[in-house]
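Just below is one structure, and these are the notes that go with it.
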Amino acid sequence: MNGLVLVDKPSGPSSFAVVKVLRERYGVKAGHAGTLDPLASGLLLCLLGSATRLARYLVGLDKRYETEIRLGLRTTTGDGEGDVLEETLLPALTDVEALQGDVELRIPQASAVKVGGTRAYKLQRRGATVEMPLRRSTIHDLHVRRFEPPLVELELRVSSGTYVRAIADSLGGHCRSIRRTAVGPFRVDDADEGRVLPPLAALPHIAEREVTDDEARLLRNGSRLPGEGEGPLALWRGKGELVAVGRAGEGFIRPETVLP
């Protein structure tokens, strides 16, 4: 039982809790490629069995979100569960629409980022005040679905590692809801936690190459193959059985992540 499961996580449970349910259902190890906050709902990419090794090829994908932001009030967590920090001036529609491109956003303290070796959200729960670092993010697309101050609804496509709560905070507000609708080529509309997709289906965004049985044996023994190109390459045989993900370069394909 190896492969990818697309889950539409509801608001409430943590990503770890979702993974735990899958682990118990299928009886194999499980993991996810990109955490969703308990507050947030939407697409969570989960991997089962030996396919958990493929997480490294999924974590850097762009994300799409829908969010409702309450403008004019900053909170300690960047969402409605935190305490009010301050009242702010309401931004104009043009100010909201201008928030695109490369931006520096302050990481929310209610996040899993480590500060001095401790998760930031744990420090916050202890009452500690921490100066959180800035992170450069890219807001590829920002579409205003509804602008009725103090409420605004946005559709976003952002780079990996971008906190939607940080976007709300930069506008002087906090998130009332967050929903992740897509991760790279994967869509929440296709989510079905009762269906396990084959490992190769987790890699539609990288180039691929079919290999022979002999080449598959070489790869599984750690040997490189002659081949052109640059970057990661999904190597499969037969009817789509993923053998390995290789790294192409300098005229060779070197096995990087091998599946049993």
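Would you pull out the residues with amide H under 5 Å of S177's amide H, same chain only if 5 or more places away, H placed 1.01 Å from N?
For S177, the qualifying residues are E68.
Whole-Hz Karplus ³J(HN,Hα) for the stretch 90-107, in order, using 6.51 cos²θ - 1.76 cosθ + 1.60 and θ = phi - 60°, x for Gly and Pro?
6, x, 7, 4, 5, 5, 5, 5, 7, 7, 9, x, 7, 9, 9, 10, 7, 5
What longest range of the chain stays clear of loop-exposed GluC sites (Glu not before Pro) (DSSP non-H/G/I/E/B, at most 15 other C-beta within 10 angstrom)?
132-227
Determine the equivalent ellipsoid of the chain by diagonalising the alpha-carbon gyration tensor, then write out the semi-axes as square roots of 5 times the eigenvalues, largest first, rounded to whole Å.
39, 19, 17
Would you work out the Kirkwood radius for the stretch 1-49? I mean one over the mean of 1/r across all pairs of different Cα atoms, in Å.
10.5
What is the Å³ per residue value for the convex hull set by the Cα atoms of the stretch 203-260?
69
In whole percent, what relative contact order does the chain give with Cα contacts below 8 Å and a gap of six or more residues?
22
Grab the chain and count how many Lys pairs have their alpha-carbon atoms under 25 Å apart, sequence gap of 8 or more, or different chains.
12
What are the ³J(HN,Hα) couplings of the stretch 65-72, residue after residue, when phi is run through the Karplus curve with 6.51, -1.76, 1.60 and θ = phi - 60°? Round to Hz, x for glycine and proline.
Karplus-based 3J(HN,Hα) across the stretch 65-72 equals 9, 10, 8, 10, 10, 9, 6, x Hz.
Taking the Cβ-Cβ separation of D102 and E24 as r and a Förster radius of 51 Å, what is the calculated FRET efficiency to the nearest 0.05?
Computed FRET efficiency for D102 and E24: 0.75.
What whole number of Å gives the distance from the Cα centroid of the stretch 206-258 to the Cα centroid of the stretch 61-106?
44
Return the Rg/Rh value of the stretch 138-233, two decimal places, where both radii are evaluated on C-alpha atoms and Rh is the Kirkwood radius.
1.17
Along the charge dipole of the chain, pointing to its positive end and built from +1/-1 on Cβ of Lys, Arg, Asp and Glu, which listed residue (T88, I107, Y65) has its Cα farthest out?
I107
How many Å² of accessible area per residue for the stretch 1-71, probe 1.4 Å?
39
Using alpha carbon coordinates only, what is the Rg to Rh ratio of the stretch 1-96, with Rh defined as the Kirkwood radius?
1.11
Using only Cα atoms, tell me the angle between helix 15-26 and the longest principal axis of the chain; keep it within 0 to 90° and round to the nearest 10.
With rounding to tens, the tilt is 40 degrees.
Please calculate how many Å² of accessible area the stretch 211-260 carries per residue, with a 1.4 Å probe and no DNA, RNA or ligand atoms counted.
With the other protein chains kept in place, the stretch 211-260 gives 53 Å² per residue.
For the chain, which whole-number percentage of the solvent-accessible area (1.4 Å probe, protein heavy atoms only) is attributable to carbon and sulfur atoms?
48
If amide hydrogens are placed 1.01 Å from N in the peptide plane, which non-local residues have theirs closer than 5 Å to the one on E193?
Excluding prolines and chain starts, which carry no amide H, the hits are D8.
If R0 is 30 Å, what FRET efficiency do you get for R56 and S170 from their C-beta distance, rounded to 0.05?
0.50
The values are calculated or read from the model by the stated rules, or taken from the named source; none is laboratory data. Here the structure is a predicted model, which means the values were calculated and not measured. Note: ideal-geometry Cβ built from the backbone for every residue, glycine included; neighbour counts use all protein chains shown. Quick note on the areas: whole protein, heavy atoms, side chains included, nothing else; ligands and nucleic acids left out. Shrake-Rupley method; radii C 1.70, N 1.55, O 1.52, S 1.80 Å.
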